[in-house]
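Values in this text are rule-based calculations from the coordinates and carry no lab data. Every value quoted in this text rests on a predicted model; they were computed, and no experiment measured them. Neighbour counts run over all protein chains shown; Cβ positions are idealised from the backbone, glycine included.
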Amino acid sequence: MLPGYVIWLTLAYYVSSALVLACGGHGSPQTQKEWTQDEIDALEEKWGVDWGFTGISTFAHLEHVKCLTMPTELFDIAIVGAPFDTGVTYRPGARFGPRAIRAASARQTSFRGFNPRAGINPYQNWARILDCGDIPVTPMDNAVALRQMTAAFEELGTRDPASSASAYLQQRPRLVTLGGDHSLALPALRALRRIHGRPLRVLHFDAHLDTWHPAKYPSAWASDQARFNHGSVFWLAGEEGLLANNASKPSVHAGLRTRLSGDDFGDYEDDSAQGWVRIAADDVDDLGGAAGVAARIMDAFGGSTDDPVYLSVDIDVLDPAFAPGTGTPEPGGWTTRELIRVLRGVEGLNLVGADVVEVAPAYDGGGGEATALAAAQVVFEILSSMVKRGLVDMARTSTREEDEEEGRVKDEL
Ligand SMILES: [Mn+2]
């Protein structure tokens, strides 16, 4: 005996099929119509533009391609989510960071994307910027997750660039990762070290050092796997030779204010031994504001150097008043405006990769999206800087070529 609903469903199917057949005389189905380009264009004009609050959530309404399964898809800048959060020491939840940042980026659109602080619209310039979706990182096994992220970054970063401008400059596509906890910086640096064939310099915004010697987490339960965590990520990178750090080419932390281990400055000594320069959150007062912090950073990098730089922004660099939704909040941080101004002040750096990490929206409270909004703005500033630096590189390269040509002409005279 069939259940009653099956009989009703079967009956409904036959009745609707009969109706479709009966109505067949009204013309061929729309799917078989031959659409002209003009008609398609008219549809695009009527329905193709999204409001900030409409549409499927991608970063800044950018085109979404799952780039890892589409190897022929080219881009100049990839935005990719790494929803990994099983390397945290306090609040978990940054696996929901990428989707929160995408949602909070909704008011960014290419047609209203002009960045008045930078003087360009990164979405309407030479670079093809794609939302490449997420790396499907396992939450079950951190060793596998590390391999997955490394492989994904390397695959995306070795792809040919989309624009002739990038190709002209012989540059690889740039990667901007939405975290995820800070652990993801290790696979990113491993991949970039291989892609660029040399160690990188890091500009690291954070309340914390993240160069903690793993042995400083006290435990009777010895574990090699536990070394890979969000507080030791740059210590590991230093040990692996991924960082260029030495006295003349240091990496830089900015926004520090964390408590240290034990009862001395031992953590700072470990940090200095790995070639880092430290700028504290309080320095924003002593250096005369955000511009002074930016100047100190540029001074440490030696100006607008060609050295490949990885920019890593832990959103906890902001005060919990501005970014409460994060893994390890520390009172006494910068305002969002101060961070934006520091980022604008260092736009001359050669950013080959970047991340915005530790956005844990569950702690944002009240649905106001404060932390994710800040993170989305940081990504916007990073994109602006990457696109702008590309323009500078192009101008410089063509000037150099002209100079060489003129030089040759002079030689002939
Ligand atoms: Mn941190």
For region 140-202, one quarter of the surface area of the C-alpha convex hull, expressed in nm², comes to 4.8 nm²
Rh (Kirkwood, all Cα-Cα pairs) for region 108-234, Å, reads 17.1 Å
Note on the chain, DSSP bridge orientation, antiparallel percent to nearest 5 equals 10 percent
Exposure proxy check on Met70, Met149: fewest-to-most Cβ neighbours within 10 Å is Met70, Met149
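Could you work out the Rg to Rh ratio of region 27-134, with Rh taken as the Kirkwood radius (inverse of the mean 1/r over all Cα pairs)? Before the final figure, lay out the partial values.
Values: Rg = 18.0 Å, Rh = 16.7 Å.
Here Rg/Rh amounts to 1.08.
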Relative to the chain, whose Cα atoms define the longest principal axis, helix 185-196 and its Cα axis are tilted in degrees, nearest 10, by 90 degrees
Restricting to lysines and to Cα separations under 23 Å from Lys216, and discarding same-chain partners fewer than 8 apart, the set is none
One quarter of the C-alpha convex hull surface, i.e. the mean projected area of region 195-299 in nm², amounts to 7.8 nm²
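How high is the relative contact order of the chain, in percent, counting Cα pairs under 8 Å that sit 6 or more residues apart? All intermediate terms of the calculation are to be shown ahead of the outcome.
Working: 760 pairs, mean separation 73.0, N = 413.
Relative CO of the chain lands at 18 percent.
How much mean residue ellipticity at 222 nm does the chain get from its helices, if each DSSP H run of length 4 or more adds -39500 (n - 2.57) and you divide by all residues, to the nearest 500 deg cm²/dmol? Intermediate values should be presented prior to the final figure.
Values: 12 runs with 155 residues, N = 413.
Computed ellipticity for the chain at 222 nm equals -12000 deg cm²/dmol.
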Rounded to the angstrom and largest first, Cα extents along the principal axes for region 297-355 equal 35, 18, 15
Mean projected area, convex hull of alpha-carbon positions in region 351-413, reported to one decimal in nm², is 4.8 nm²
By Cβ neighbour count within 10 Å, fewest first, Thr36, Thr336 rank Thr36, Thr336
So the pair-distance distribution of region 82-166, from every Cα-Cα distance in 5 Å bins, comes to percents of 3, 11, 16, 17, 17, 15, 11, 7, 2, 0
Relative to the chain, whose Cα atoms define the longest principal axis, helix 290-301 and its Cα axis are tilted in degrees, nearest 10, by 70 degrees
In whole µm²/s, the translational diffusion coefficient that Stokes-Einstein assigns to the chain, given a Kirkwood hydrodynamic radius over C-alpha pairs, 37 °C and 0.692 mPa s, equals 141 µm²/s
